[in-house]
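Engineer: Structure below; questions to follow.
The numbers here are math on the coordinates, done by the rules we state, and not lab data. Please read these numbers as outputs of a predicted model, since none were measured by experiment. Because the Cβ atoms are built from the backbone with ideal geometry, glycine has one as well, and the counts that use them run over all protein chains shown.
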């Protein structure tokens with residue numbers, strides 16, 4: 001039984017509650033949801049702020065990095081006074097100041113399957129949310145190794161994953177949910193380990209382009225929690241130079257070493273390029 005909204009919460013989230021797809025029951029779902037954000041950089045800071053503002057009740061921030069001067073143009077949750085501070089603790093302090101309905105828990109570690117599993121074990125509410133289908137994972141990392149590791153962990157635990165990335169003017173966005181949409185496959189079905197290696201230092205990016213992808217990632221997260229719209233089995237590709245989007249329908253690769261145990265039709269690898277933020 002979900003707790004009823006307080007008068008303050010009803011007023012605060014009123015414009016969301018007006019949507020018939022959300023209503024009061026949907027807002028209660030948001031307040032009861034648990035979201036793990038891997039990477040608190042350009043994507044992660046934007047996503048965390050938007051989800052906290054929307055009333056996601058439990059946010060878990062995982063990152064081992066500190067704020068640098070070069071982060072500020074795209075990681076707008078941080079300011080010059082935060083340089084040298086850990087990103088997760090700085091984000092936690094500001095998010096809880098602005099959005100007290102959201103409980104923000106930090107994990108000062110780089111993502112590995114071991115560190116993520118340890119996080120589950122340390123927080124009973126998160127463990128229960130994972131078991132009850134009330135937990136999502138958002139990949140906001142900036143390297144291919146981490147993305148594949150997050151994908152593997154989510155597939156193994158059958159946790160829904162929403163992955164976004166941006167490099168220069170090109171963005172990617174997809175939902176991996178092998179429990180409810182096995183036929184769409186996983187991240188590894190599209191991007192193999194042989195993908196071209198790029199990172200923030202070798203590829204530039206504009207802050208607003210990062211914000212576009214983060215907003216779409218946050219929107220997909222809210223839709224997934226609320227069960228709004230159809231199951232998203234597409235790879236979404238954003239072209240910031242032309243302000244255009246492409247959608248490619250995904251199907252699982254039967255030879256995928258990560259999700260091959262899930263029955264699905266045949267497919268093909270459609271692109272092999274890494275994005276960073």
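Engineer: Using every alpha carbon pair in segment 11-62, what percent of pairs falls into each 5 Å bin from 0 up to the bin containing the largest distance?
Structural biologist: All Cα pairs considered, the percentages come to 5, 21, 28, 20, 13, 10, 3.
Engineer: Could you grab the Rg to Rh ratio for segment 74-143? Cα atoms only, Kirkwood for Rh. Display every interim value, and only then the final one.
Structural biologist: Details: Rg = 13.9 Å, Rh = 14.0 Å.
Rg/Rh for segment 74-143 comes to 0.99.
Engineer: Measure off 7 Å from each Cα along the Cα-to-Cβ vector at residue 254 and residue 158, then give the distance between these two points in nanometres to one decimal.
Structural biologist: Here the modelled spin labels are 2.4 nm apart.
Engineer: Between residue 223 and residue 241, what is the label-point separation in nm under the 7 Å Cα-to-beta-carbon projection?
Structural biologist: The answer from the label model is 2.7 nm.
Engineer: Give, in nm to one decimal, the length gained when the segment between residue 132 and residue 18 is fully stretched (0.36 nm per residue of separation minus the Cα-Cα distance).
Structural biologist: Numbers: separation 114, 0.36 × 114 = 41.04 nm, distance 2.73 nm.
Extra length from residue 132 to residue 18 when fully extended: 38.3 nm.
Engineer: Okay, next question. Set the Förster radius R0 to 25 Å, insert the Cβ-Cβ distance between residue 112 and residue 11 as r into 1/(1 + (r/R0)^6), and round the FRET efficiency to 0.05.
Structural biologist: Details: r = 42 Å, r/R0 = 1.68.
Working from the Cβ atoms, E equals 0.05.
Engineer: Which of (i) 114; (ii) 151; (iii) 127 is the computed volume of the Cα convex hull per residue in Å³ for the structure on display?
Structural biologist: (iii)
Engineer: Would you kindly state how much longer the chain becomes between residue 169 and residue 192 on full extension, computed as 0.36 nm times their sequence separation minus their alpha carbon distance, in nm to one decimal? Show your work: numbers first, answer last.
Structural biologist: Working: separation 23, 0.36 × 23 = 8.28 nm, distance 2.16 nm.
Gain in length upon complete extension: 6.1 nm.
Engineer: State the extension gain, in nm to one decimal, for the chain segment bounded by residue 179 and residue 25, taking 0.36 nm per residue of separation less the distance between their alpha-carbons. Walk me through the intermediate numbers first.
Structural biologist: On the way: separation 154, 0.36 × 154 = 55.44 nm, distance 2.42 nm.
Stretched out fully, the residue 179 to residue 25 stretch lengthens by 53.0 nm.
Engineer: Antiparallel DSSP bridges in the chain: what percent, to the nearest 5?
Structural biologist: Working: 18 of 38 bridges.
If I count the DSSP bridges inside the chain, around 45 percent turn out antiparallel.
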